[in-house]
Amino acid sequence: MQIRTKLTLQFALLVSAIMLVAFVTVYLLRLNYVEQEFYKRLRHKAITTCELLVKVEGVDSKLLRKIDKTNYDVLYNENLTIYDHANNELYTSNESLYYHITPEILDEIRLEKEVQFSEDNAKIIGILYTDRFNRVVCVAGAEDKSGQEELKSLFRILTGMYFGLIGLVVMAGWYFAGQAMKPISNAIGQVNQIYPKLIDQRLSVQNPKDEIGQLTSTFNTLLDRIGEVFRLQNLFISNVSHELKNPLMRMGAQLDVALLKDRSEAEYQQTLLSVREDIRDLGQLSETLLELAKVNDQNRTLIYTDVRIDEIVWEARELLLKAEPSYQVQVQFLSTIEDDNQLIVKANHHLMKTAIVNLMENGCKFSPNHQVVVDVFPKENLIEVRFTNTGIVISPKDLPYIFQPFYRSDNTATIKGYGVGLSLVERIAKLHGSSIQATSEDASQTTFFSLLIPYHFSEHLS
């Protein structure tokens, strides 16, 4: 069911229920009023007849009956009967019509002084009339034809108004629901035009203060994120294709050259060594991309334990030097470390070692002497692991982008690399509630990378 139809039905049901309660209340109030007015007329007739019969001298039942015949204010099936103290009938206005009046009813009237009751369609009132010499009971009854017709007319009017107003309410609800849903309909039309040709287009926000405007703004924010994801995806695919194509083309070209003619054993060995180097580069790129994909997997559960940062640093140094014997990694610890607990953090051992290896390799790679200095500084709430190297500096315009995948500055084009390591380090740092900072001093030709790891880490922060 569409929201517009649902809103219309809910609005119609609500207003219909309110109108039904109001109309029923009006009818019941009118019903009670008509009934009380009819009993009031019967009471007035009964008292008048009793006064004529009891107080006026010379008026007996025969004369009183003649007087009643001259009265044009006679109700339908009206009968008025007067009883004395012994329940004997003193007078009746209509000898052809009698109501079932028992001695028990007469005694109740004497006790209560006034009793109202009904018999079939007739309404009957009994009153006790007394003066100094007489004590009689007068019972008056009749059918309220005019009141019933009035109530039937009122019922028809209210019923017609009720269904007529329901129709108006449904039409008004449909119109106003359409007006309320119009911004959503416009947004749906704009969304249908966005992808794939107009990915940069955004929805127009008519009223940023209402819920629909806030929803539209939220959707625009989501579109910004999706657009950024598409941009990074295209960039990633383009860069990966480029980085994979270069070593593959080199390997193909070397093998093609080697197959052109017979060569010496040394030349074949040289070609194989070159191809193996390219294969090693491809393997390293694939491994780095796999690690990057793993840390970006939101559904992957990581295990964090208490680890010693000094042990991870030494293990990372050993792993790097085993792969690159020409690299130099100098590790220094602050001399004021007095307690081993100052070096313990909660981390995923494998990922933290991967991050530190990448930072060590990055420092050695961009240093002319392939040397990096690693300093460990325990502080009040965190441990800082600083990586320092001299050589090629990072220009200020490149600093904001160095942690993006495959980004490489112009002055590093001659150095082998893929621009993936630092983005992997940044993601690992975020998974540990940590941060990575980079500064580069042109005057001293020195670059610093600081990995800041908190002592107390909540896993949900990742």
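The values are calculated or read from the model by the stated rules, or taken from the named source; none is laboratory data. Given the structure is predicted, the values throughout are model-derived calculations rather than measurements. Ideal geometry is used to build each Cβ from the backbone, glycine not excepted, and the neighbour counts take in all protein chains shown.
Taking the range 125-168 as the range and being acidic (Asp, Glu), in contact with a Lys or Arg (Cβ under 9 Å, 6 or more places away or on another chain) and part of a helix (DSSP H, G or I) as the test, only Glu150 passes. Of the residues making up the range 53-93, those that are aliphatic (A, V, I, L, M), in contact with a Leu (Cβ under 6 Å, 6 or more places away or on another chain) and at pLDDT 70 or above are Leu53, Ile82.
The residue that is surrounded by the fewest Cβ atoms within 10 Å (Cβ to Cβ), counting only those in the range 116-130 that are aliphatic (A, V, I, L, M) and farther than 11 Å from His85 by Cα, is Ala122. Whether a residue is assigned by TED's automatic domain parsing to the domain that holds Ala316, in contact (Cβ under 8 Å) with a residue 12 or more places away in the chain and at positive phi was assessed, and His370 passes this test. Checked against the criteria, Val393 does not count as in the same structural domain as Ser423 (by TED's automatic domain parsing), more than 14 Å from Asp310 (Cα to Cα), of a type in the set (A, V, I, L, M) and at pLDDT 90 or above. Go over the candidates Glu384, Glu380 one by one and state the one that is in a loop (DSSP other than H, G, I, E, B), under 25 Å from Asn348 (Cα atoms) and at pLDDT 80 or above. One residue alone meets the criteria, Glu380. As a summary of the residue check, Ala258 satisfies the conditions (1) in the same structural domain as Asn358 (by TED's automatic domain parsing); (2) over 56 Å from the mean Cα position of the chain (by Cα); (3) at pLDDT below 80 except for the one numbered (1). Scanning the range 353-369 for any residue that is modelled with pLDDT of 85 or more and surrounded by fewer than 17 Cβ atoms within 10 Å (Cβ to Cβ) turns up at least one such residue. Of all residues assigned to the range 117-130, none qualifies as being among the acidic types (Asp, Glu) and in contact (Cβ under 8 Å) with a residue 24 or more places away in the chain. Scanning the range 131-148 for residues that are surrounded by 14 or more Cβ atoms within 10 Å (Cβ to Cβ) and not charged (D, E, K, R) gives Asn134, Val136, Val137, Cys138, Val139, Ala140, Gly141, Ala142, Gly147, Gln148.
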